[in-house]
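This report refers to the structure that appears directly beneath it.
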Amino acid sequence: MADAAVHLTPESENSGSAPVAQTPADEKAAGGSYWHWPRMIVAWVATIVASAIVSTAVDAHLRFDWLLVVLAGATLLTFALQLGTAQRRGFIDRLAMSVAGSLLIVVVFSAVAVLVA
């Protein structure tokens, strides 16, 4: 019990009553999940496609500049996808996870570009 994090539900989400403590286990048991994995996967797939296009279509001396543009676009896409959920709970977690995944993808494509060049 000491290891379980407790979340307080705001009054607006709780029909006007006092805040109710919920643990992540309670939320999971109720079928709730704030991760929205399909939206993160869409952002990651878009990052893979854009990175692959940049890696194959752009000259070597401009490749890293364009991969930075890909990362910026992936970040904006992530914001749009996560704001589209209209769910406050876990927004920062979802955003951080999605952008970190996109960063990892761009780093892998950059490393491959360095090894190939």
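Residue 91 meets all of the listed conditions (1) surrounded by fewer than 17 Cβ atoms within 10 Å (Cβ to Cβ); (2) touching a helix residue (DSSP H, G or I) at 6+ places or on another chain (Cβ under 7 Å); (3) under 14 Å from residue 47 (Cα atoms) but one, namely (3). Does the stretch 58-66 contain at least one residue that is surrounded by 14 or more Cβ atoms within 10 Å (Cβ to Cβ), at pLDDT 95 or above and part of a helix (DSSP H, G or I)? Yes, the conditions are met somewhere in the stretch 58-66.
Only one entry of 50, 113 meets the criterion of being open to solvent by less than 80 Å² (accessible area, probe 1.4 Å), modelled with pLDDT under 95, part of a helix (DSSP H, G or I) and not polar (S, T, N, Q), and that entry is 113. In the stretch 72-88, of all residues being over 12 Å from the mean Cα position of the chain (by Cα) and not polar (S, T, N, Q), the one that is most open to solvent (accessible area, probe 1.4 Å) corresponds to 88. Candidates 92, 105: the one that is assigned to a helix (DSSP H, G or I), modelled with pLDDT of 95 or more and hydrophobic (A, V, I, L, M, F, W, C) is 105.
The values are calculated or read from the model by the stated rules, or taken from the named source; none is laboratory data. All values derive from a computational prediction rather than experimental measurement. Virtual Cβ from ideal backbone geometry, glycine too; neighbours counted across all protein chains shown. The protein model used for the area step is the full one, side chains on, heavy atoms only, and it has no ligands, DNA or RNA in it. Shrake-Rupley method; radii C 1.70, N 1.55, O 1.52, S 1.80 Å.
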